[in-house]
Structures are given as structure tokens and as C-alpha cells.
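In what follows, a single structure is set out as C-alpha cells and then discussed.
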Amino acid sequence: MTLKLHQLFPSAVATVQLPLDPLDLAGHLQTLLNLRGEAEGNPSPGCAWTGDLNGIWQLHQRAEFRDLAGRVVEAAWHYLDAVGFDRTRVALHLQRSWPVLSDWDQLVGRHHHPNAHLSAVLYLSGTGSGEEGMLRLHAPLRPNELVPGLAVGHGGPIADGHPLNADHWDLAPQPGLLVLFPSRMDHSVLPNADPEALRSSISFDFVLTAPAEGDPPEYLSPHPVFWRESKL
Ligand SMILES: [Fe+2]
């Protein structure tokens, strides 16, 4: 008997390979190293250096990265198209972008981005093997374990790595690879296992609001031109 399996309500994660000029790429890598300066990592031992915790969180505003950011914005619009958003009914805001540099044995712990709606990561390095540290996206739940927690115990009962019961998905970095995913999705970066390699990427956070024109729908924030900071 062959069952037809209907895989319902999937989360959409997008990847696209952006062509990067090798000279531009070398320049960007050098710039990011310069921005890191003497720092080796974030305060917690073993954690990669991330620009957002070190004052470098508006990379897209720097002339050198404007073109790159523009291509990420274009990809973000394509992502929104792909999951059914009507371009005329939303405004897309790039609110934050920052480098992440991971030396040997450094990682980024599991987290999500509650400040944003859509997140993206552009890789500037990597061999495609994942040795420098996979990006790991964590499944928000495992609907096919039938009851939450059934697959937690050691020794079964669900086959390890079964595609309909995965609790994570890994992506190997390589230069120019861009990944886009919902900001609510937990993710982490596995340790850089190559003592010779520097893992380098740029993260981007987008927020959706209503367009500046017209009345905003109930569940979408009005466009920030209408916001007023409320101070005492
Ligand atoms: Fe992140």
C-alpha cells in the first residue's frame, strides 16, 4: 500500500546564489576584519564576533555595502512574492545589518530575532563543506512525532534524521550564498571546525509595515512616518 503524504503548512526558507566580484569580495572581507579590530569574539567565551553587539549594525548605510544591501533587498521582495504578500500592500524596511566573524571553534548560540519579521544572511566565505560552521535552522515543532516530546528520549522510537521528523536543517556557507527565513525561526551557527578558516557573513533584519499611503490594515504596523516617540 502506498500512502499519499500531504506535507501541510511548510515554513518557507529561501536560498539564492548572488554573483560576487572577487575583488569586491576581498575588499569586503578586509573591511569586516578591520571593523572587528582587536576584538576576538563576543563577551561569552567561544562565541563569534558579531557587529550588532559591537556598534556595527548599520552596515548597509556604508557606501561600500550599499550595492550588496540593495541586492539583498531585491531578494527579500522576491521572498515576499513567493509566500503570497502583495507588494502594493506592504512597505519593507531594512532596519539592521551587521557582520558575523567566526574564528576556529567559535559559534553562535540558538536564538531568533524578535525585533524583525524577515531575516537574511549573506555568506562571504565558506567552501560549501560546512566545516567552517553550518547555519542550523531549528524546527519550531515536530508535528510528525505525533505528541510533543515523543522523539526526545535516547534510543528511539523515531529513526534518526528521518526527513519527516527533522528537528533542524543545516546550510553550508559559501561566498555569495544568501538565505532568507522568518525572523521568528530559531537558528544557530555550529562551531567553526577549520583552524585555518575565518567564517564571514552579513546578517540583515527587515520589518514590514503598511505603506505610507492609505489606511493601514488592523494587524500591520502603520508606516513609521506616522510614529511619534512618546517621552515624558
Ligand atoms: Fe541570528
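What to note about this one:
- The chain, helix-only ellipticity at 222 nm - DSSP H runs n ≥ 4, -39,500 (n - 2.57), divided by all residues, nearest 500: -5000 deg cm²/dmol
- Between ALA159 and ALA12, the distance separating the two model label sites (each 7 Å from Cα on the Cα→Cβ line) works out to 3.1 nm.
- Inter-site label distance for GLU218 and ALA82 at 7 Å from Cα along Cβ, in nm: 3.1
- As a size descriptor, the averaged projected area of the C-alpha convex hull of the chain was calculated at 17.9 nm².
- On the principal axes of its alpha-carbon atoms, region 116-172 has extents of 40, 29, 16 Å, going from largest to smallest.
- Structure remark: mean-square fluctuation, Gaussian network model of the chain, C-alpha springs under 10 Å; the largest value among SER44, SER200, SER119 belongs to SER44.
- Highest GNM mean-square fluctuation among ALA48, ALA116, ALA210, for the chain modelled with Cα contacts below 10 Å: ALA210.
- With at most 16 neighbouring Cβ atoms within 10 Å, loop trypsin sites (Lys or Arg not before Pro) (DSSP) excluded, longest segment of the chain: 63-183
- DSSP-assigned coil residues among chymotrypsin sites (Phe, Trp or Tyr not before Pro) in region 32-71, each with at most 10 further Cβ atoms within 10 Å: none
- Fewest neighbouring Cβ atoms within 10 Å first, the residues SER129, SER102 line up as SER129, SER102.
- Here the extension length gained between ALA39 and ALA166 equals 42.1 nm, from 0.36 nm per residue of separation less the Cα-Cα distance.
- Sorting HIS28, HIS111, HIS223 by the number of Cβ atoms found within 10 Å of their own Cβ, with the fewest placed first, yields HIS111, HIS223, HIS28.
- Note on region 26-159: Rg/Rh from Cα positions, Kirkwood definition for Rh, rounded to two decimals, is 1.03.
- Computed from label points 7 Å out along Cα-Cβ, the spacing between LEU150 and ASP105 is 4.1 nm.
- Convex hull volume of the C-alpha atoms in region 101-232, normalised per residue: 199 Å³.
- When the chain is treated as a GNM with alpha-carbon contacts under 10 Å, the residue of GLU213, GLU40, GLU196 showing the greatest mean-square fluctuation is GLU213.
- Within region 141-232, chymotrypsin sites (Phe, Trp or Tyr not before Pro) in DSSP loop having at most 14 other beta-carbon neighbours inside 10 Å: TYR219, TRP227
We did not get these values from a lab; they are worked out from the coordinates using the rules stated. Keep in mind the model is a prediction, meaning the values are calculated, not measured. Don't worry about glycine lacking a Cβ; one is built from the backbone with ideal geometry, like all the others, and counts go over all protein chains shown.
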